[in-house]
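Visitor: There's a structure below that I have some questions on.
A short reminder: the numbers here are calculations on the coordinates, not readings from a lab. If you're wondering where the values come from, they're calculated on a predicted model, not measured in any experiment. Cβ sites come from the backbone with ideal geometry, for glycine too, and all protein chains shown count toward neighbours.
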Amino acid sequence: MTPRETLSPAVGTAPRPVRPGPAGLDVHRHLSPAAAVRLLGRWHAGGPAYVALADAVRAAVLAGTLAPHTRLPSERDLAAALGVSRTTTAAAYARLRELGLARSRTGAGTVVVLPHGGRRRSGARTTGGDAPAGARAAASPVDLADLSQATSAAPSGLHAAYARALERLPAYLGEGGYEPYGVAALREAVAARFTARGTPTEPDQILVTTGAQHAITTLATTLLGSGDRAVVQSPTYYHAMEALRRAGARLVALPVGRGGPGEAAAFDVGLFESTLRQVSPRLVYLVPDFHNPTGYTLTPDERAGVREAAARHRVTVVGDETLTDLSLDTPPDAADDVAPPLAGDGASPYLVTVGSASKSFWGGLRVGWVRAHPELVARLARTRQSADIATAVLEQLAVVELLGERGAVLAERRTALRAQRDLVCGLLADALPDWHVPVPAGGLSLWAGLGAPLAHAFAAAAAAEGVLVNAGPTFTPDGSSADRVRLTFSRSREDLERAVPRLVRAWERVTA
């Protein structure tokens, strides 16, 4: 669902003009003590405090939440904000410098950097499991197994689809190349797909965007103003929340049943309607199919309840269908055996759908779309003019080809993802039996229950052991779900098999 499904860079930082610091140490932004507290969460679950603090900062850097060239709070200020001694923060900063993740200069303070040559690559050779903890902790980013990013390798037919798209391209070269609404062939193909799924759609109801994230951001910019309320599921897709916040919205959480022990996963339509009545939001953002991160799919009755409530309260509901194609418990060749669109018969002007080629086909295809009333489509097209004007033509033509052969492509994708899901769920059940890990019927991730509010500390310890995961509070508007982590299973079998023993070691560290 994202251009990149990890956390956005420099969360909670105050942008500053780029300027060179002393001795060439560039400082682009400053992390305030309050922002550091929010970023690190409950970082200390046991063991030496300075090690846990350094691990938490390292996890934020490697996951992309804390951008390079960010100046950290002073040792004294951070110690006061976290309620620890200055000795602890000083030792943590010293450890970060030893790991190549920070530099300090007089007058510039301590600044986050990436280790030299530290390009993250999940398939790299790793430090052996018998190595001392300190040796493993010093592993460079190239040794990381990444279970934080929900992206898969390209399908085998992608290259051929691009080749056929190139054959189509000459027909467009005599024109200017700007298609603000998208090329006609793709709008027609997407509209036909909606119609086949039970929602009659015309091409003028489709706007092609540069990925689903661009679609969500364009909707937020067009429909929201400063102080407007927006209802989101909690937990939900992180980057959608960020897009709504940047548009000025105040987020209102709608709890999602997590399917834990004694808890049924469900969407409470009555609570949804009560929320609309009480807060009068301008926009609602939902993930109806294989919800990110819980994996829940709305039932037909729940979908009907959402449509009826949206009409009664005259509020725009955005259904994010980025994961809809990734049904893993249906026959792998049943490309059209997916849930009907949240938009129903398509007649309501309040139901808007976002889709994307990124999860169904490949993350490198930066092509998404919005299905909406033609008047809203026109407004969105005007809004995008200040951002990217239009989506690249060749990529759109490649998606036309992939949609035409989606049966074979999705069969390959589903078969691989099902095997990866079953593998990691089996490994976790054997290695960490006290965790609660519901097996999702589709999507790309697991919403694992730890049984204790240790998500931030565990994510930090996991990064120190060489694997990236997302702490549960990241996906909530209010910092809840501290007992959950999100683990993606979209990586290769080899990556998953070497990641689980590291998760075990990380869990042992935080529960020792």
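Visitor: Along the positive direction of the dipole of the chain (beta-carbon charges: Lys, Arg +1; Asp, Glu -1; about the Cα centre), which of 56, 372, 290 reaches farthest?
Guide: 56
Visitor: Suppose the Debye formula is applied to equal point scatterers at every Cα of the range 302-451; what is log10 I(q)/I(0) at q = 0.13, 0.15, 0.18, 0.20 Å⁻¹?
Guide: Calculated log10 I(q)/I(0) at the listed q: -0.78, -0.96, -1.16, -1.24.
Visitor: Each label point is 7 Å from the Cα along the Cα-to-Cβ direction; what then is the distance between the points at residue 394 and residue 308, in nm?
Guide: Result for the modelled spin labels: 5.1 nm.
Visitor: What's the extension gain from residue 347 to residue 195 if we count 0.36 nm per residue and subtract their Cα-Cα distance?
Guide: Contour length minus Cα-Cα distance gives 53.5 nm.
Visitor: Under a 5 Å amide H to amide H cut-off, with H placed in plane at 1.01 Å, what residues pair with residue 145 once short-range neighbours are removed?
Guide: Hits under the 5 Å cutoff: 467, 468.
Visitor: Using Cβ counts within 10 Å as a stand-in for footprinting exposure, how do 327, 274 rank, fewest first? Can you show the working numbers first?
Guide: On the way: 327 24, 274 13.
The most exposed by this proxy come first: 274, 327.
Visitor: Of 328, 387, 31, whose Cα points farthest to the positive end of the dipole of the chain (charges on the beta-carbon: +1 Lys, Arg; -1 Asp, Glu; origin at the Cα centre)?
Guide: The Cα lying farthest towards the positive end belongs to 31.
Visitor: Using +1 on the beta carbon of Lys and Arg, -1 on that of Asp and Glu, and nothing else charged, what's the dipole of the chain about the Cα centre, debye to 20? Mind dumping the intermediate values first?
Guide: Details: 54 positive and 48 negative charges, 402 e Å.
Charge dipole, the chain, about its Cα centre: 1920 debye, nearest 20.
Visitor: Also, I was wondering about something else. Work out Dmax and Rg for the chain from the C-alpha atoms and quote the Rg first, both in angstrom.
Guide: Spelled out, the Cα radius of gyration and Dmax of the chain are 23.1, 68 Å.
Visitor: While we're here: Given Cα positions, please report Rg to Rh for the range 178-407, the hydrodynamic radius being the Kirkwood one. Working shown, then result.
Guide: Numbers: Rg = 16.7 Å, Rh = 17.7 Å.
Over the Cα atoms of the range 178-407, Rg/Rh equals 0.94.
Visitor: Could you give each residue of the range 405-410 its phi-based ³J(HN,Hα) in whole Hz, using Karplus coefficients 6.51, -1.76, 1.60 with θ = phi - 60°, and x for Gly or Pro?
Guide: 10, 4, x, 5, 5, 5
Visitor: While we're on this one: Check residue 152: other-chain or 5+ apart residues with amide H under 5 Å from its amide H, H built from backbone geometry?
Guide: Hits under the 5 Å cutoff: 363.
Visitor: How far apart, in nanometres, would the label points at residue 422 and residue 493 be if each is projected 7 angstrom from Cα along the Cα-to-Cβ direction?
Guide: Output for this residue pair reads 1.1 nm.
Visitor: Let me ask another. Given only helices, namely DSSP H runs of n ≥ 4 each adding -39500 (n - 2.57), what is the per-residue ellipticity at 222 nm of the chain, to the nearest 500 deg cm²/dmol?
Guide: Details: 16 runs with 198 residues, N = 512.
Helices in the chain give a 222 nm mean residue ellipticity of -12000 deg cm²/dmol.
Visitor: Which order do the peptides 375-382, 228-235, 294-301 take when ranked by the mean count of other beta-carbon atoms within 10 Å per residue, highest first?
Guide: Numbers: 375-382: 16.8, 228-235: 23.4, 294-301: 19.4.
By packing density, highest mean first, the sequence is 228-235, 294-301, 375-382.
Visitor: What spacing in nm lies between the two simple spin-label points modelled at residue 378 and residue 478, each 7 Å away from Cα in the Cβ direction?
Guide: Result for the modelled spin labels: 4.1 nm.
Visitor: Under the Karplus relation 6.51 cos²θ - 1.76 cosθ + 1.60, θ = phi - 60°, what is the ordered set of whole-Hz ³J(HN,Hα) values for the range 507-512, x standing for Gly and Pro?
Guide: 5, 5, 5, 7, 10, 4
Visitor: Here is a further query. Which ³J(HN,Hα) values, rounded to whole Hz and listed in residue order, are derived for the range 78-86 from phi using the Karplus coefficients 6.51, -1.76 and 1.60 in 6.51 cos²θ - 1.76 cosθ + 1.60 with θ = phi - 60°, glycine and proline given as x?
Guide: Using θ = phi - 60°, the values come out as 5, 4, 5, 5, 8, x, 10, 7, 5 Hz.
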